[in-house]
Each structure stands twice: as C-alpha cells, then as structure tokens.
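The structure appears right after this line, and notes come after that.
Where a number appears in this text, it was derived from the coordinates with a stated rule and is not lab data. Keep in mind the model is a prediction, meaning the values are calculated, not measured. Cβ placement follows ideal geometry from the backbone for every residue including glycine, while neighbour counts extend to all protein chains displayed.
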Amino acid sequence: MTVSSPVVKDFMTADPIAVSPTDSLETVIKLLEEHRISGLPVVDKAHHVVGIISEGDLLVRESPMKPPLYMTLLGSVIYFESPKQFHQHMQKALGMLVQDVMSAKPITTQPDMPLATAANIMLDKKINRLPVVDTDQTLMGIITRHDLVRALKPRVAYDSEVN
C-alpha cells in the first residue's frame with residue numbers, strides 16, 4: 001500500500017475571498033471581521049495575485065512613526081536605519097486603498113506542492129498564508145497556518161490509535 005504525501009490542494013480553501021488594489025480599507029476590515037480571517041489575497045482584473053493584505057498591514061497605519069536615526073559627519077548624513085523603510089511606513093500610514101498598504105509581490109504556492117514544503121515556506125518567511133496560483137499566477141485558493149494544523153488532525157488521530 002502506497003501512502004502519498006498530502007499536497008496543498010488537499011487542504012487549501014478554493015476560490016477564497018479576494019480584494020482588488022482599488023478597494024477601500026473599510027471594505028477589507030469589513031471582510032476580515034465578517035469572515036473571521038486575518039488576511040486576503042489582492043488580485044487584479046484578470047484575477048492574478050498582485051499582493052496580500054493582512055491585519056498586520058492595517059496595524060502599521062495605527063502604529064507611531066519613528067523617523068530614522070541619523071548623524072551628520074563632515075557634512076554628510078549617515079543613517080543608522082533605512083530611510084526607505086520610514087518612507088514605506090509613511091505611505092502605509094497615510095493610505096486609504098488596498099494598494100497603499102498591501103504587501104506587493106507575495107510569496108505564492110502551486111496546488112501540487114507538498115504540504116510540508118508549503119509549511120516550511122511559511123515558517124521560514126514568517127508568513128501566515130500562501131495564495132495558491134496556477135502557472136499564470138491566477139488565484140486558485142489559499143492555504144493558511146490554520147489549514148496546516150487541520151492537516152495534522154488525521155495524523156495525530158492515527159498516531160494515537162497505533163500507540
């Protein structure tokens with residue numbers, strides 16, 4: 001008897017709720033609350049994944065901005081922190097549309113990727129969800145950490161029956 005390794009499509013949520021870059025943040029907050037989820041894929045008109053928006057992206061808007069530390073030496077400015085990060089934080093804090101606060105170019109996965117590989121990507125990159133896309137980057141589903149925990153359930157049940 002051959003036991004195949006589980007793959008992403010076995011545990012992903014097919015046809016997930018998604019938003020467009022031009023949707024309002026109010027729409028996102030409403031969807032997150034209504035569906036009790038913590039993030040959404042962002043898709044263009046062709047349904048290609050262009051970003052992810054999460055609670056973390058929304059919280060950046062509410063956190064205090066700290067200008068980068070710097071010093072001047074012989075007429076030159078030396079930054080101890082990246083001015084680029086400050087600029088990005090400022091853009092997110094002032095944004096009112098999804099495109100203003102989303103994380104662009106998200107890490108994605110394919111439906112036939114082994115579940116263990118997807119789990120390792122999420123752990124390594126410290127992310128909570130992966131949009132599942134086809135070869136054209138068209139959204140097919142989403143796999144979350146919750147889905148990974150759900151995938152463990154049959155294995156835990158089997159292990160407890162064996163022991």
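Here is how the numbers come out for the structure above:
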{"read-out": "Amide H contacts of V7 (H built 1.01 Å from N, under 5 Å, at least 5 apart or other chain)", "value": "L115"}
{"read-out": "Vicinal HN-Hα couplings computed from phi for the stretch 49-59 (Karplus, 6.51 cos²θ - 1.76 cosθ + 1.60; Hz; Gly/Pro x)", "value": "6, 10, x, 9, 10, 10, 4, x, 5, 6, 5"}
{"read-out": "Two-site label geometry, T135 and L59: point separation in nm, points 7 Å out along Cα→Cβ", "value": "4.0 nm"}
{"read-out": "Phi to ³J(HN,Hα) by Karplus 6.51 cos²θ - 1.76 cosθ + 1.60 over the stretch 19-24, Hz, x for Gly, Pro", "value": "10, 9, x, 9, 5, 7"}
{"read-out": "Amide hydrogen neighbours beyond the local backbone of D23, cut-off 5 Å, H modeled", "value": "V98, Q99"}
